[in-house]
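Working notes for the structure below.
The values are calculated or read from the model by the stated rules, or taken from the named source; none is laboratory data. This structure is a prediction, so every number in the text was calculated from the model and none was measured. Counting neighbours? That spans all protein chains shown, and the Cβs are built from the backbone with ideal geometry, glycine included.
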Amino acid sequence: MNGSVRHLLGIEDLPARDIVQFLDTAEVFFGVSTRRVRKVPTLRGKTVINLFFEASTRTRTSFEIAGKRLSADVVNISVSTSSVSKGETLLDTVKNLEAMHPDVIVVRHSASGAPHFIARHTHAGVVNAGDGMHEHPTQALLDAFTIRRAKGHIADLVVTISGDIAHSRVARSNALLLTRLGAKVRVCAPRTLLPAGLEQYGVEVFDALGPAVEGADVVMMLRIQHERLTEALIPSTREYARTFGLNRAMLARAKPDAIVMHPGPMNRGVEIDADVADGPRSVILDQVEAGVAVRMAVLYLLAAEAGQSPLA
Amino acid sequence: MTTASTQPTRVVMDKCAVAAVLQRMAGEIVARHSDDVSLALVGVRRGGIPLAARLHALLTTAGRAEVLVGTVDITLYRDDAATALPNPQIGRSEIPFEVEGRVVILVDDVLYTGRTTRAAIDAVMDYGRPRAIELAVLVDRGHRELPVQADYVGLRIATTRRERVEVRVDPQDEHVASVEVLGPAENPPSSVY
């Protein structure tokens, strides 16, 4: 990374060269995960703190396994068990963690920009593991890794992202990354879930799933984020499933070798039918597998930088 | 690259000498291991890779069939991995066979501090439990910092720590073209690997 990447806060400021670097490094770690001993001694003596202010099983476990396979010491802190519930401010939490000299802090927070705030107050490398409705860069990297493994390349692929575009940090990070690597990205949602100005990201906008899926190489389905819906933006779950759910008939409109993706958690029978999710074109579990390799690459490339340079 | 004027160079092996030395090493490997021992050559990235390929060809010519070849990258196993800058160009380790029960011969170009060999041994062990690990090097230049020794040595040369040993590979046929010792550089490389 030429010493340039100290934190991974989002895809927005990440040049294509660095994205490819993360993906290429992840290929090496993918190999490590298939060996008899799925562990390397590389980050022995380094400490990784998983600081999760929002519920997550998949992402936190993925980072934890990634850190442990690199021989780092991994500490998990979740909001329900921390002092935050006792009224501690984010800054005090960070200062206390900083005093214990971690090398990398992995942060998930419901407030957009929280990881950026933490990065300004710690010597550790900071990885954004999802901040509010803003970004989820490691998810976008693992999705790109999965696509590249399945298709051999990313440039010129037609990628359809359908779901709660307005509230999804996954959609945002993916749209940024995939367009930067030359894919043609389509986003699709009911109009109430399509924010204005999406075109600035260089994506095509659809308000019906059929035309959005037509001829696509990759179909990525996202769930409706009920926890972020503050008003009635969709008529009903059943209505949404009927018009925006991916079933076999709908998938038939995509390219015959199209792959189906979902970052999880899935709502079966809502945005995706069970027989599509479990079908031969689904790479949903490949995404989970890729997640560990990609996060190993991120921790590896950030950890050695951490603690050696002054505050940003 | 420093200019040639500050670095008097001596050639310690030319292409012919390298070929002869590898031939002898192949003979030593054959003599040491009977036909019922399954051998695998693992080249240490990157200098050991062309040498492992050469030794493999020579062993095959000498009638040792079914010698397997792999490569190992030691980046993730370096003892300074956690303090050095990350290497964005980690090479792939490719050991596409079971090491269990095999005699694995690590192949490298230059044996110096022994740290690379220590890392390579650890990397191979993470693929399984070989019957034995041996070490074949084209050049042993001394100055060990760990208790490591080679089983097959092409050439032992006396060097100072400030000198550099350069193994040049002919890009045409991927054979080692020459081994040179470069005189004291004004800024000796900080890395001892």
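Taken over the range A:285-310, the criterion of being surrounded by fewer than 20 Cβ atoms within 10 Å (Cβ to Cβ) and modelled with pLDDT of 90 or more is satisfied by A:Leu285, A:Asp286, A:Val288, A:Glu289.
Being assigned to a loop (DSSP other than H, G, I, E, B) and free of Cβ contacts under 8 Å to residues at least 60 places away in the same chain is a property that B:Glu134 lacks. Can B:Ile121 be described as within 14 Å of another protein chain (Cβ to nearest Cβ) and either in contact with a Gly (Cβ under 9 Å, 6 or more places away or on another chain) or not charged (D, E, K, R) (or both)? Against the criterion (within 14 Å of another protein chain (Cβ to nearest Cβ) and either in contact with a Gly (Cβ under 9 Å, 6 or more places away or on another chain) or not charged (D, E, K, R) (or both)), B:Ile121 qualifies. What is the residue count in the range B:127-163 for residues that are of a type in the set (Asp, Glu) and in contact with a Pro (Cβ under 9 Å, 6 or more places away or on another chain)? Adding up the residues that qualify gives 1. Restricting attention to the range B:51-90 and to residues that are touching a residue at least 40 places away in the same chain (Cβ under 8 Å) and assigned to a helix (DSSP H, G or I), the residue that is farthest from B:Glu28 (Cα to Cα) turns out to be B:Leu76. Condition check: more than 21 Å from B:Gly91 (Cα to Cα) and assigned to a helix (DSSP H, G or I). Does A:Ile49 satisfy that? Criteria not met by A:Ile49.
Could you list all residues from the range A:15-44 that are aliphatic (A, V, I, L, M) and within 7 Å of chain B (Cβ to nearest Cβ)? Let's see the steps before the verdict.
The initial filter retains those residues of the range A:15-44 that are aliphatic (A, V, I, L, M), namely A:16, A:19-20, A:23, A:26, A:28, A:32, A:37, A:40, A:43.
Those that are aliphatic (A, V, I, L, M) and within 7 Å of chain B (Cβ to nearest Cβ): A:Val28, A:Val37, A:Val40, A:Leu43.
Test A:Asp92 against the criterion of being under 22 Å from the mean Cα position of the chain (by Cα), within 30 Å of A:Glu227 (Cα to Cα) and more than 14 Å from chain B (Cβ to nearest Cβ), and give yes or no. It is false that A:Asp92 is under 22 Å from the mean Cα position of the chain (by Cα), within 30 Å of A:Glu227 (Cα to Cα) and more than 14 Å from chain B (Cβ to nearest Cβ).
Pull up the range A:45-59, narrow it to residues that are closer than 30 Å to A:Glu227 by Cβ and buried (at least 20 other Cβ atoms within 10 Å of the Cβ), then point me to the one that is farthest from the other protein chains (Cβ to nearest Cβ). Show your work before the answer.
Restricting attention to the range A:45-59, the residues satisfying the condition of being closer than 30 Å to A:Glu227 by Cβ are A:48-59.
Right, trim to buried (at least 20 other Cβ atoms within 10 Å of the Cβ) and you get A:48-53, A:59.
Details: A:Val48: 12, A:Ile49: 17, A:Asn50: 19, A:Leu51: 21, A:Phe52: 25, A:Phe53: 28, A:Thr59: 23 Å.
Per the criteria, the residue is A:Phe53.
Among the numbered conditions (1) away from chain B (no Cβ under 14 Å); (2) at pLDDT 95 or above, the only one that A:Asp73 does not meet is (1). Any idea which of A:Asp92, A:Asp156 is out of contact with any Leu (no Cβ under 9 Å at 6 or more places or on another chain), outside any strand (DSSP E or B), without any contact (Cβ under 8 Å) to a residue 12 or more places away in the chain and not small (Gly, Ala, Ser)? Being out of contact with any Leu (no Cβ under 9 Å at 6 or more places or on another chain), outside any strand (DSSP E or B), without any contact (Cβ under 8 Å) to a residue 12 or more places away in the chain and not small (Gly, Ala, Ser) holds for just one of A:Asp92, A:Asp156, which is A:Asp92.
Residues that are surrounded by fewer than 17 Cβ atoms within 10 Å (Cβ to Cβ) and touching a residue at least 40 places away in the same chain (Cβ under 8 Å) were ranked within the range A:188-220; the one that is nearest to A:Ile272 (Cα to Cα) is A:Gly210. Restricting attention to the range A:103-129, the residues that are surrounded by 24 or more Cβ atoms within 10 Å (Cβ to Cβ) and under 11 Å from A:Arg169 (Cβ atoms) add up to 3. Could you identify the single residue in A:Ala216, A:Ala241 that is closer than 27 Å to A:Pro280 by Cβ and in a loop (DSSP other than H, G, I, E, B)? Of A:Ala216, A:Ala241, the one residue that is closer than 27 Å to A:Pro280 by Cβ and in a loop (DSSP other than H, G, I, E, B) is A:Ala216. For residues that are out of contact with any Gly (no Cβ under 9 Å at 6 or more places or on another chain) and not in a loop (DSSP other than H, G, I, E, B), scanning just the range A:188-204, find the one that is farthest from A:Ile154 (Cα to Cα). Checked the range A:188-204; the qualifying residue farthest from A:Ile154 (Cα to Cα) is A:Thr192. Selection over the range A:7-23 of residues that are under 12 Å from A:Leu141 (Cα atoms) and not aromatic (Phe, Trp, Tyr) gives a count of 10.
Would you be able to tell me the number of residues in the range A:223-238 that are farther than 21 Å from A:Ala277 by Cβ and among the charged types (D, E, K, R)?
Taking the range A:223-238 first, the residues farther than 21 Å from A:Ala277 by Cβ are A:227-233, A:235-236.
From what is left, the residues that are among the charged types (D, E, K, R) are A:227-228, A:231.
Of the residues in the range A:223-238, 3 are farther than 21 Å from A:Ala277 by Cβ and among the charged types (D, E, K, R).
If only residues of the range B:68-84 that are at the interface with chain A (Cβ under 7 Å from one of its Cβ atoms) and buried (at least 17 other Cβ atoms within 10 Å of the Cβ) are counted, the one that is farthest from B:Pro130 (Cα to Cα) is B:Ala82.
Considering (1) within 14 Å of chain B (Cβ to nearest Cβ); (2) touching a Pro at 6+ places or on another chain (Cβ under 8 Å), the lone condition that A:Leu299 does not fulfil carries the number (2). Scanning the range B:5-30 for residues that are assigned to a helix (DSSP H, G or I) and within 15 Å of B:Val153 (Cβ to Cβ) turns up B:Ala17, B:Val18, B:Ala20, B:Val21, B:Leu22, B:Gln23, B:Arg24, B:Met25, B:Ala26, B:Gly27, B:Glu28, B:Ile29. One residue stands out in the range B:40-67 among those that are away from chain A (no Cβ under 14 Å) and charged (D, E, K, R): the one that is surrounded by the most Cβ atoms within 10 Å (Cβ to Cβ), namely B:Arg54.
Among the criteria (1) modelled with pLDDT under 95; (2) touching a strand residue (DSSP E or B) at 6+ places or on another chain (Cβ under 9 Å), the one A:Ile147 does not fulfil is (1).
Could you list, in sequence order, the residues of the range B:91-115 that are closer than 25 Å to A:Asp24 by Cβ, in a loop (DSSP other than H, G, I, E, B) and either in contact with a helix residue (DSSP H, G or I) (Cβ under 8 Å, 6 or more places away or on another chain) or modelled with pLDDT of 95 or more (or both)? Across the range B:91-115, the qualifying residues are B:Gly91, B:Arg92, B:Ser93, B:Ile95.
Scan the range B:85-112 for residues that are within 14 Å of chain A (Cβ to nearest Cβ) and hydroxyl-bearing (Ser, Thr, Tyr) and jot them down. Listed by number, the list holds a single entry, B:Ser93.
The condition of being more than 14 Å from chain A (Cβ to nearest Cβ), assigned to a strand (DSSP E or B) and of a type in the set (Lys, Arg) holds for B:Arg168.
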